[in-house]
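Structure first, commentary second.
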Amino acid sequence: MDVSTQNASAPPAPQPVPAEEKRAARGATRPGDRIFLGLSRGSGILVLAIMAAIAVFLTYRASLAISKDEGNFFTTFEWNPSGAPPVFGIAVLAFGTVVSSIIAMVIAVPIAVGIALFITHYAPRKLGGPIAYVIDLLAAVPSIVYGLWGALVLVPHLEGLFAWLDEYLGWTGVLEWNGGAPRSLLTVGIVLAIMILPIITNVSREVFRQVPQMHEEAALALGATRWEVIRMAVLPFGRSGVISASMLGLGRALGETMAVAMVLSSSFDINLSLLDPGGGTFAQNIASKFNEATEVGRDALIASGLVLFVITLLVNGTARLIIARRKEYSGANA
């Protein structure tokens with residue numbers, strides 16, 4: 001018989017089963033794995049149930065307040081839910097929350113990423129370790145301490161900076177200062193930037209440490225400088241992680257209460273200038289008015305909390321979409 005005919009009639013050799021499939025098939029029969037799978041699935045469902053319960057509660061109480069509001073809840077520049085008739089709106093609160101959070105992100109994100117890159121790729125180990133330890137300690141400082149420091153130390157020392165900004169950039173209108181204590185949205189943004197700095201730094205640092213060593217060595221072998229290695233290998237790999245870290249920091253900035261309440265000179269006015277005192281945020285308004293509020297006033301505050309809840313969900317959802325769209329271009333897949 002011809003050798004080729006014999007080989008053609010022979011049954012195909014059995015294909016080896018991948019190790020992952022073997023482990024999956026073996027794990028499906030283990031009681032411990034089934035219990036862990038059930039607990040994990042139950043935990044996820046429990047989180048969704050809690051979120052849904054919070055949304056239902058906020059929506060119900062908010063509907064009670066909005067039904068009694070004589071103004072436009074989204075555009076009214078007044079907060080008087082105990083009046084006759086009750087009038088309140090979130091225009092000033094939404095503006096102050098968003099603007100102060102954007103200022104904090106603009107200040108904190110570049111500094112945090114720079115610190116994370118310095119610790120992981122520039123600083124010697126004897127220097128990088130203490131710097132990372134100090135950054136970790138910043139995350140443990142209570143909000144009330146940041147508020148006291150901002151009100152007693154930062155605010156008095158910002159007059160010179162505000163005067164300089166007004167002299168050279170006051171013509172823009174955004175950085176015009178008309179005197180008074182610098183208890184403005186810019187001051188709040190600076191305090192919030194310091195508060196969210198350790199969160200963004202620590203997460204970004206851990207992401208940068210996960211960059212495959214082969215990616216960096218390949219770039220160095222091609223003659224790239226250290227900065228080019230960071231630009232071509234480190235930052236593309238860590239882009240999704242930096243976005244996630246930034247969203248964590250933004251979440252804290254949006255919901256910060258005590259530090260903002262102690263630093264900001266609250267008023268229901270929207271100023272074009274970031275240096276003039278005044279403005280307000282959702283969390284600060286809830287904290288300062290909840291104890292003395294009437295029943296309608298509490299419902300109104302809960303309605304503003306619902307808006308903050310929705311804003312936070314939209315921000316996190318947008319971040320997830322950005323991460324999902326950019327994952328395929330990440331250096332992790334190179």
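Annotations
- Count of residues meeting criterion [under 24 Å from the mean Cα position of the chain (by Cα) and at pLDDT 85 or above] in segment 277-314: 23
- For segment 258-276, taking the residues that are modelled with pLDDT of 85 or more and of a type outside the set (A, V, I, L, M, F, W, C), the one that is farthest from Ala151 (Cα to Cα) is identified as Ser273.
- Within segment 257-285, considering residues that are outside any helix (DSSP H, G or I) and β-branched (Val, Ile, Thr), the one nearest to Thr76 (Cα to Cα): Ile270
- Ile230 within 20 Å of Asn316 (Cα to Cα), assigned to a helix (DSSP H, G or I) and among the β-branched types (Val, Ile, Thr): no
- When we screen Ala116, Ala123, Ala94 for residues that are surrounded by 11 or more Cβ atoms within 10 Å (Cβ to Cβ) and touching a helix residue (DSSP H, G or I) at 6+ places or on another chain (Cβ under 6 Å), the only hit is Ala116.
- Residues in segment 133-150 that are surrounded by fewer than 19 Cβ atoms within 10 Å (Cβ to Cβ) and in a helix (DSSP H, G or I): 11 in all.
The values are calculated or read from the model by the stated rules, or taken from the named source; none is laboratory data. Just so it is clear, the model here is predicted, and its values are computed rather than measured. FYI the Cβ positions are ideal-geometry reconstructions off the backbone, even for glycines, and counts take in every protein chain you see.
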